[in-house]
């Protein structure tokens, strides 16, 4: 069995309805790392049957799951993708190409909704506000927090990310910017998810995410003073 050239981390909480489609759309040479974050459905069994590496992370939180996947990865390039079928894993390939070519140190998928219902209004408004603050903090022309992303594994580990909740993606961007990384966005289709959303699909989840990210931005601003 040849080693994967790209590992794809899928933080997962009760995604049995979406996983068959998601895992069947992996590009050749990409290995799925499904991080089961306490699912009560058949997510882990489905992922194992599909040939994915399943990592069990008991500590709840997006950052906990995402970082557990990063630690389990062995490929030179690590990517992240939602496990809810809102994004097609095949769209990781252009992001990986940016990293492989040296055009980007961190490549982010800028979500482009395919239908009006793909991205709830409250989540889009929150993302717009946070992206504006992110641009101010990093100086990079960013418009989305980018749940789909790609970077070099060793470099990601070197960032020493500590957030284990919703702030993990933002902390990655902020620390990458401080480290002088080239951060590039690329438009990526964003479709309605399969199943119930745990974060941006609910107002409560969005509030939690905003709280976590606002805390990181305040900390980042304090370091700059």
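No lab work stands behind these numbers, since they all come straight from the coordinates. Here the structure is a predicted model, which is why all the values come from computation and not from measurement. Counting neighbours? That spans all protein chains shown, and the Cβs are built from the backbone with ideal geometry, glycine included.
Ranked highest first by average number of other Cβ atoms within 10 Å, how do 7-13, 119-125 line up? Intermediate values should be presented prior to the final figure.
Working: 7-13: 27.1, 119-125: 15.3.
Highest mean packing first, the order is 7-13, 119-125.
Using r as the Cβ-Cβ distance of residue 60 and residue 182, and R0 as 30 Å, what FRET efficiency do you calculate, to the nearest 0.05?
Details: r = 33 Å, r/R0 = 1.10.
It comes to 0.35.
Below 8 Å between Cα atoms, with a sequence gap of 6+, how large is the relative contact order for the chain in percent?
Values: 445 pairs, mean separation 52.2, N = 225.
After rounding, I find 23 percent.
When the chain is modelled as a GNM with alpha-carbon springs shorter than 10 Å, which of 62, 128, 80 fluctuates the most?
128
Can you give the FRET efficiency for residue 24 and residue 71, using 1/(1 + (r/R0)^6), R0 = 22 Å, r = Cβ-Cβ distance, to the nearest 0.05?
Working: r = 26 Å, r/R0 = 1.17.
It comes to 0.30.
How big is the convex hull of the Cα atoms of region 54-122, per residue, in Å³?
Values: hull volume 9.0 nm³, N = 69.
Taking only Cα atoms, region 54-122 has a hull volume of 130 Å³ per residue.
How much of the pair distance distribution for the chain lies past 26 Å, counting alpha-carbon pairs only, in percent?
On the way: 7453 of 25200 pairs.
So the portion of pairs separated by more than 26 Å is 30 percent.
In whole Å, what are the Cα extents of region 1-128 along the three principal axes, biggest one first?
Principal-axis extents of the Cα atoms in region 1-128, largest first: 42, 40, 25 Å.
Could you work out the helix-only [θ] at 222 nm for the chain, with each DSSP H run of four or more residues adding -39,500 (n - 2.57) and the total divided by the number of residues, to the nearest 500 deg cm²/dmol?
Details: 8 runs with 91 residues, N = 225.
The per-residue figure over the chain is -12500 deg cm²/dmol.
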